[in-house]
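The values are calculated or read from the model by the stated rules, or taken from the named source; none is laboratory data. Keep in mind that what you see is a predicted model, and the values were worked out from it rather than measured. Cβ: placed from backbone, ideal geometry, glycine included. Neighbour counts: every protein chain shown.
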Amino acid sequence: MTSSAIIPAARRPLIWDAHACMPIQPNQDLSELQRYHAIGAGFVSINVGMDFNPLAHIIRVIAGYRDWLSRHGDRFTLVESVEDVIAAHANGKVAVAFDLEGSMMLEDDLAMIRLFRDLGVRQIHLAYNRDNSIAGGCHDLDRGLTSLGRDVVREINAVGMMMDCSHASRRSSLEIMEVSTKPVVFSHANVRALKDHPRNIDDDQIEACAATDGVIGLSGIGIFLGDNDIRVDTLMRHVDYLAERVGPRHIGFGLDFTFEQLTGDLPEGETLERWWPASLGYDLSQMRYMAPERFPDIAEAMDKRGYATADIEAALGGNFLRVARACW
């Protein structure tokens, strides 16, 4: 693979980053997204709220993000459809959509799902680390979907959003994949057989995701890849594992790069320990993140390992684009 820096925009492989984190604050400057434009990326999904963020706050965050994107239309496009992604990529722009990490902001109201979809949210998972009224989180009891949770999955399918199992409990993720009639993704998760952490996913979850024709987006966070290790070679161990287990069709990337520390996003009364327990290796001041500038290095590493060009391009973005066509 040749470096994307010297390939005309219309001929570059589509780079799709399924999850990135900007500060979840109203009227936020999103200028750091220029880094995706600089590498020729075609799409990025940015988080607009977690289970601990109140609904009113999330709405203001979305308003601010939308406003910033509208004022930078020369380089960015707020996604309405798959065609927007394709057109943005062909024209050298970055397509941007929003995602929600959890479902407490729905306030147990199915009508909120379509509203968020209309505001630009194209991807949602149902629990952020802790249990809620809809699903179980990966750092809580291994609880499954509630009755309401099953209705939520069906509504997500119906309105045209991507169903994401990241941060869910093992049982909830497996039940989501049973209920969903559309492909399901893990937008940012790694292989538990290679790094035993409850945020990572086991072989049953990997195979269930593939059975929906979904995609596992590998994250670039060090404590989920290895011992706070963000080398491309370490990420490639996870790529190779998935390729052998379920094939290149089900590999993608959601690097989960955090452009600024997230501690300021916690509302008053919430604690780091509740959401990111120190006993599980979370130290937000020390955690290392693989930056979006590493996408060309990832492509080169796959090429050196003998992956076919078609499989490299599928993993970089084509696989998530396929799921978006099926879900949106």
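Take V96 and decide whether it is part of a strand (DSSP E or B) and of a type in the set (A, V, I, L, M, F, W, C). Taking the combined requirement at face value, the residue satisfies it. Just wondering, is there one or more residues in the range 181-192 that are in a helix (DSSP H, G or I) and in contact with a Gly (Cβ under 8 Å, 6 or more places away or on another chain)? Scanning the range 181-192 turns up no residue that is in a helix (DSSP H, G or I) and in contact with a Gly (Cβ under 8 Å, 6 or more places away or on another chain). Could you list all residues from the range 222-248 that are of a type in the set (K, R) and in a loop (DSSP other than H, G, I, E, B)? Across the range 222-248, the qualifying residue is only R231. Looking across the range 249-274, the residues that are surrounded by fewer than 19 Cβ atoms within 10 Å (Cβ to Cβ) and either part of a helix (DSSP H, G or I) or at pLDDT 95 or above (or both) come down to R249, T263, G264, L272, E273, R274.
Would you call L321 assigned to a helix (DSSP H, G or I), in contact with a Leu (Cβ under 9 Å, 6 or more places away or on another chain) and touching a residue at least 12 places away in the same chain (Cβ under 8 Å)? Against the criterion (assigned to a helix (DSSP H, G or I), in contact with a Leu (Cβ under 9 Å, 6 or more places away or on another chain) and touching a residue at least 12 places away in the same chain (Cβ under 8 Å)), L321 qualifies.
Name the single residue that is nearest to the chain's Cα centre (by Cα) among those in the range 41-85 being of a type in the set (G, A, S), in a loop (DSSP other than H, G, I, E, B) and surrounded by fewer than 22 Cβ atoms within 10 Å (Cβ to Cβ). Ranking the candidates gives S81 first. Among the residues of this structure, I206 does not count as one that is in contact with a His (Cβ under 9 Å, 6 or more places away or on another chain) and in a strand (DSSP E or B). Among the candidates D151, D213, D131, the residue that is touching a Pro at 6+ places or on another chain (Cβ under 6 Å) and either modelled with pLDDT of 95 or more or assigned to a helix (DSSP H, G or I) (or both) is uniquely D213.
Quick grid of which residues meet (1) of a type in the set (V, I, T); (2) in contact (Cβ under 8 Å) with a residue 24 or more places away in the chain; (3) surrounded by 22 or more Cβ atoms within 10 Å (Cβ to Cβ):
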site	(1), (2), (3)
L141	no, yes, no
L148	no, yes, no
A158	no, no, no
M163	no, yes, yes
N190	no, yes, yes
K195	no, yes, no
A208	no, yes, no
F224	no, yes, yes
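If E300 satisfies all but one of (1) assigned to a helix (DSSP H, G or I); (2) modelled with pLDDT under 95; (3) not hydroxyl-bearing (S, T, Y), what's the number of the condition it fails? Here E300 clears every test but (2). In this structure, is F320 within 30 Å of V159 (Cα to Cα) and modelled with pLDDT of 95 or more? Answer is yes for this residue. For L100, indicate whether it is of a type in the set (A, V, I, L, M), surrounded by 23 or more Cβ atoms within 10 Å (Cβ to Cβ), under 22 Å from S172 (Cβ atoms) and touching a residue at least 12 places away in the same chain (Cβ under 8 Å). Against the criterion (of a type in the set (A, V, I, L, M), surrounded by 23 or more Cβ atoms within 10 Å (Cβ to Cβ), under 22 Å from S172 (Cβ atoms) and touching a residue at least 12 places away in the same chain (Cβ under 8 Å)), L100 qualifies.
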